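The values are calculated or read from the model by the stated rules, or taken from the named source; none is laboratory data. Note that the structure is a prediction, hence the values are computed from the model and not measured. Cβ placement follows ideal geometry from the backbone for every residue including glycine, while neighbour counts extend to all protein chains displayed.
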Amino acid sequence: MPTYTLTVNGRRRAVTAAADTPLLWVLRESLGMTGTKFGCGGGFCGACMVHLDGAAVHSCQVPVADAAHHRVTTIEGLSEAGTHPVQRAWIEEDVVQCGYCQSGQIMSAAALLAGKPHPSDADIDAAMNGNICRCGTYQRLRAAIHRAAGDAPAARGGQ
Amino acid sequence: MNAPGTMARRDFLSVVAFAGSGLVLGVHVPTRRRDGAPDAPGAEFAPNAFVRVATDGTVTVVIGYSEMGQGILTALPMLVAEELEVDPATIRFEQGPAADEYKNPLFGLQATGGSSTVRGMWEPMRRAGAAAREMLLAAAAARWSVPRSDLVAANGTVTHGSSGRRASYGSLTQAASKQTVPTDVALKPASAWKVLGRRMKRLDSLPKVTGRAQFGLDVRVPGMLVAVVARCPVFGGRATHFEATAARAVPGVRHVVESPSGVAVVADGYWAALKGREALSVTWDEGATAAQSSDAIRARWVQLAQQPGITARHEGQGADALAAAARRLDAVYEAPYLAHATMEPMNCTARVTAGAVEVWAPTQFQGVNKQLAAQIAGVPESAVQIHTTLLGGGFGRRAEQDFLVEAVSISKAVGAPVKVVYSREDDIQHDFYRPAVYNVLAAGLDAAGNPVAWTHRSVSSSILARFFPQMFHDGKDENAYEGAADIPYAIPNIHVDWIRDEPGVPVGFWRSVGSSHTAWVKESFLDEIAAASHTDPLELRRRLLGASHSPSAPRLLGALNAAAERAGWGTAPPAGRARGLAVHESFGSFVAEVAEVSLGGDGTPVVHRVVCAVDCGQIVNPLTIEAQMQSAIVYGLSAALHGAITIDKGRVVQTNFNDYAPLRMAEMPRVEVFIVPSTEGPGGVGEPGTPPIAPAVCNALFALTGKRVRRLPIRPEDLQG
Ligand code: FES
Ligand code: FES
C-alpha cells in the first residue's frame, strides 16, 4: 500500500493506506484522531467535517491521496483546550446534547465565521444545512454562532 | 451453516426471561460498588455506590445509566449536590459498571429508557448525597466534641456555628468513613433547594466540543480488528453459502467468518472491512417474507381491521352508541415504520479471552448486555465487564442487543478484540423500527355537536412480545395503544381495541413509543370533531378536559392553557400562517404544543414557530428541559415531515440520510418552551415533547388548507385541492 504525507493540525504525518481510503478513516484509525466522526459515509451529514486549506470539507468524501499536500485541520487542531471562540460559545449556549455531531458542526461554523464574521440567519442556514443533528440542537447552534460572532442577542433568530 | 439471524433472538429471549423478574424495588441506597477500590487509610470516602469524596475534597458521582444527550451526567450530580451541599459545577462524574447497585428502581433493571432516569433516581441520588453529608457532619462533631446540631454543612465545608471552626470535606473523609451509614435521613424540603431548579450548564460540554469525548465508535483496544457484517437484506433470512476468496484478497482483511446475523468480514480497519464485504458473495435463503411490501402489509391490515381486536378500553355502550348518535364521523389514520437513525451508527467492541469478556458499548441496556455476553462466551456473569461509553444518540435503538451479540460472537470466533461497525446503510436497513400502524376511527356526535361516542381500532405489531415476552400476557401490549386507550376526554361511550399482526418487520422502542403515533391519531381526530361541530379546537379540549374524570385532566388542561396563551391562540397569526394545537400525556409528563405553519412556494409545509408548555412535575434543570423539548420536537417533526421506512421485496427501501431525511438547520422552527410550575413528583423529560408535534402541525395545516392529513409523513399532494 502506498504511503502519503499529510499535514494535520500543523504536523507532518506519514500514513500507509489504500489510495481510495477516505481521509476520515485515515484520521480516525491510522492517526487515532477520533474527534472527527463517522455519520453516514455519503457526504449527507457533516459529522466528518474538517478543514482542507481552511475550507470545510466532508472527510468521508476525500480520498487520502487527494488530501496529501494540503493542510488538514481537525477539531483537535481548532484549539488546545476548547478556547476557540466557537467552542466557547458552544459551552456558553449549552448547545451539546449527545455531542456526536458537534465536532462537525463546530468545524462548519468555524469555517463560516472565518469567511463571514457576522453571518445572518440566512447565511447560517446555508452554511450549516449540511450538518445533521439528530438531537435537534439547531436553535442553540444558531444562537451560539451569533454569540461567537459577538453579535448582540437582538440580532439573533430564535430564543 | 447453522441459521444466522436466529441466534441473537433466541439467546436474548432466554436471557430476558430471567432478567425481568422483580418489577419494583423499594427506594434504597445501595452500599458501595463491589468492584470499587478497597479502602486504604486516608483514602477517599465512599459511603455508597453513587458518591465518593476524595481527600482533596473532590466529589465524584458514579452514573450507572447511559448519557445519550438527555443530560443525566448533569442531572444526577445536581441531585447529589443538593443534599451533599457542594457546588454541582465542581462535581466529577464517572460511568459505573453493569452491576445490581445501578438497577433503576422504576423497573428493576439497569437500563436507560422510558424517560426514567431522573424519575427513578430522584430520591436515591438525593439520599446518597444526604447520607454522605450526615457522615461528614458526624465526623466533624466527633472531632470537635460538639453536638451535630451545632454544625452546618455548606459548599463542601463543615462549620461550627459558635466557634467558627471549619473543616473541608476532604479533611474529614477518613473519619467519615468510620461513621455508620444512616438509614433514614430526611431530605430537604423544596423550599430549601439551592441546586434543583437552577439553570445549570451541562457538565459534559468541554469534552464534546473538543473532540475528546469517547463514543462507542472511538473505542480502541490493543490488537483490535474491525468487523463489518453482511446481513440478509430480508428480515428473518439466512446465509446458506458464502464465497470469500475475493474478500480475503482485499488488503487488510484478516478473517471472514459466520456471525449470528450473517457473515462478518474482519479487517485491520473499517475501509478494508467494507471493501471486503463488497467483494464477498453470499447466497441467502430469504425466507418467508421475500416478496413482502408495505402495500401488501397495508392491504392485509385493511382486511384485518374489519374484525374486532383485543379490547384495550371500554366505556359505556362503546361502539353501540355510534348508531344512536345524531351524526357520525369516520376516518382512517396511517403511520409508517420509522428508523431511529441515531447520529452515531450502531457499533460495539468486545474482547473475549479464555474465561472472560470485556465489552465497550454505547448501550441503553447494561443489565441484559452482561447476561447475554456471558451466555455467548460461555463464562459466568462475574467474568463479564461492561463499559458504557457515551452514546451518540439512543432513542430506544440502543436498548437492543444485536450489536453486542455480533461483537461478542465475532471476537470469540477470531480470537481477537473486535469492533463491529454498522455502515449508515446497515443502521437504517437493520433497525428495530417504530411500528407502522393502521387506525380506524369513528365518532358519534349529538345534535349539538358534542362527541358522545369514540371508537378507535388499530392494527400493528407488538414490541413487547419480542422484547419482554414475560410481560406479554393475554395478547395485550400496552405499548401499542398507550395514549389511545387512556384518551382523557369526557366522552361517555368509548371503545378502543387492537389487532396484532406480525409481518416479520422487527419493531422496537422509538422515542415516546406508542404515543409517537397515538397522540397524532387522537389529537387529529379530535380536531375533526371540532371542525365538524364548528367549535374552536381549544374550546372543545377545554370543555372535554374540564368535564373529565381522568386524574390527568387538570394537568393536561394546565399545559394546554399555558401553551395557548403564550402562542396567542385566538389572535390572528401572521399573514399566510395558521395555528394548530395538541396536548398529550406520556411518561408522567403533560405537554401541549401550538404550531404555526404556512405553505412554501412549492406547496410543502413550513413550520415557523412551536410554543411548547410542559408540566413535568418538580424539576432538576430548566436548561435541560428546554433542550429536551426542542430535541423531542425536532425528532417528531423530522418524522412528520419526512420520515418513512418502506418495504419492497422484503427489504427496506431507504438507505441513508438522502432518502431517510432528518430535519436540518434551515427547516428549524423557533421553539419557545414554557415550564408549568408544579409540586408533583418529577415526570419524564426525554420523550414527552415528541407526541404532540405531529398533530399540532397537521391541525395547523388543516386550519390553513382545509385538508386533513391522515397519513404520515405529510405529503404536499395531500394538502392540495
Ligand atoms: S460521514 Fe461524512 S458526511 Fe456523513
Ligand atoms: S448533539 Fe446529538 S446529534 Fe447533534
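Here are the numbers:
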item: Strands (runs of 3 or more DSSP E) wholly inside segment B:327-379 that include at least 1 residues being in the same structural domain as residue B:391 (by TED's automatic domain parsing) and over 30 Å from residue B:655 (Cα atoms); result: B:347-353, B:356-361
item: Unique residue being modelled with pLDDT under 95, at positive phi and not assigned by TED's automatic domain parsing to the domain that holds residue A:7 when the list is A:136, A:99, A:158; result: A:158
item: Selection within segment A:57-77 - surrounded by 23 or more Cβ atoms within 10 Å (Cβ to Cβ) and within 28 Å of residue B:659 (Cα to Cα); result: A:58, A:59, A:60, A:64
item: Every pair of residues 6+ apart whose Cβ atoms lie under 6 Å, when the first sits in segment B:386-397 and is under 13 Å from residue B:63 (Cβ atoms) while the second is of a type in the set (A, V, I, L, M) and part of a loop (DSSP other than H, G, I, E, B); result: B:390/B:213; B:391/B:68
item: Test: residue in segment A:21-33 that is closer than 28 Å to residue B:224 by Cβ, within 16 Å of ligand 2 (Cβ to nearest atom) and either crowded, with 21+ Cβ neighbours inside 10 Å or of a type in the set (A, V, I, L, M) (or both); result: no
item: Segment B:227-269, residues that are part of a helix (DSSP H, G or I) and either out of contact with any helix residue (DSSP H, G or I) (no Cβ under 7 Å at 6 or more places or on another chain) or not assigned by TED's automatic domain parsing to the domain that holds residue B:414 (or both); result: B:245, B:248
item: Within segment B:330-371, tally of residues that are surrounded by fewer than 19 Cβ atoms within 10 Å (Cβ to Cβ) and either of a type in the set (Lys, Arg) or under 30 Å from residue B:632 (Cβ atoms) (or both); result: 3
item: Qualifying residue in segment A:2-20 (condition: facing chain B (nearest Cβ under 9 Å), within 16 Å of ligand 1 (Cβ to nearest atom) and on the phi < 0 side of the Ramachandran plot); result: yes
item: Filter pass, residue B:54 being at pLDDT below 95, in the same structural domain as residue B:167 (by TED's automatic domain parsing) and farther than 21 Å from residue B:174 by Cα; result: no
item: Criterion: among the polar types (S, T, N, Q), surrounded by fewer than 19 Cβ atoms within 10 Å (Cβ to Cβ) and under 26 Å from residue B:645 (Cβ atoms) - qualifying residue of B:293, B:281; result: B:293
item: Residue check, residue B:667 within 21 Å of residue A:140 (Cβ to Cβ), of a type in the set (D, E, K, R) and within 24 Å of the chain's Cα centre (by Cα); result: yes
item: Single condition residue A:107 does not satisfy, out of (1) at negative phi; (2) within 13 Å of ligand 2 (Cβ to nearest atom); result: (2)
item: Contacts under 6 angstrom Cβ, first residue in segment B:198-219 being more than 8 Å from every other protein chain (Cβ to nearest Cβ), partner of a type outside the set (A, V, I, L, M, F, W, C), 6 or more apart; result: B:199/B:622; B:200/B:621; B:203/B:74; B:216/B:347; B:216/B:362; B:216/B:389; B:219/B:349
item: Residue check for residue B:248: modelled with pLDDT of 95 or more, more than 14 Å from chain A (Cβ to nearest Cβ) and surrounded by fewer than 16 Cβ atoms within 10 Å (Cβ to Cβ); result: yes
item: Residues located in segment A:34-50, provided they are surrounded by fewer than 23 Cβ atoms within 10 Å (Cβ to Cβ) and more than 7 Å from every other protein chain (Cβ to nearest Cβ); result: A:43
item: Within segment A:21-49, tally of residues that are more than 13 Å from the chain's Cα centre (by Cα), within 11 Å of ligand 1 (Cβ to nearest atom) and not in a loop (DSSP other than H, G, I, E, B); result: 4
item: Residue within segment A:64-76 that is closer than 23 Å to residue B:671 by Cα, β-branched (Val, Ile, Thr) and at the interface with chain B (Cβ under 8 Å from one of its Cβ atoms) present; result: no
item: Positions within segment B:394-452 being assigned to a loop (DSSP other than H, G, I, E, B), aromatic (Phe, Trp, Tyr), more than 16 Å from ligand 1 (Cβ to nearest atom) and over 29 Å from residue B:541 (Cβ atoms), in sequence order; result: B:432
item: Hits in segment B:67-105 (condition: among the aliphatic types (A, V, I, L, M) and not in a loop (DSSP other than H, G, I, E, B)); result: B:72, B:73, B:75, B:76, B:78, B:79, B:80, B:81, B:84, B:89
item: Condition check for residue B:355: on the phi > 0 side of the Ramachandran plot and touching a residue at least 24 places away in the same chain (Cβ under 8 Å); result: yes
item: Test: residue in segment B:335-349 that is of a type outside the set (Gly, Ala, Ser), touching a residue at least 60 places away in the same chain (Cβ under 8 Å) and more than 30 Å from residue B:394 (Cβ to Cβ); result: no
item: Selection status of residue A:38, in contact (Cβ under 8 Å) with a residue 24 or more places away in the chain, within 16 Å of ligand 2 (Cβ to nearest atom) and not assigned by TED's automatic domain parsing to the domain that holds residue A:119; result: no
item: Selection within segment B:220-239 - of a type in the set (Val, Ile, Thr) and either within 20 Å of residue B:256 (Cα to Cα) or without any contact (Cβ under 8 Å) to a residue 40 or more places away in the chain (or both); result: B:226, B:228, B:229
item: All positions within segment B:616-667 that are farther than 21 Å from residue B:394 by Cβ, away from chain A (no Cβ under 12 Å), part of a loop (DSSP other than H, G, I, E, B) and out of contact with any strand residue (DSSP E or B) (no Cβ under 8 Å at 6 or more places or on another chain); result: B:618, B:649, B:650
item: Scan of segment A:98-123 for residues that are assigned to a helix (DSSP H, G or I), within 15 Å of ligand 1 (Cβ to nearest atom) and not hydrophobic (A, V, I, L, M, F, W, C), ordered by number; result: A:102, A:103, A:104, A:105, A:108
item: Hits in segment B:314-326 - residues which are over 13 Å from residue B:440 (Cβ atoms) and crowded, with 16+ Cβ neighbours inside 10 Å; result: B:317, B:318, B:321, B:325
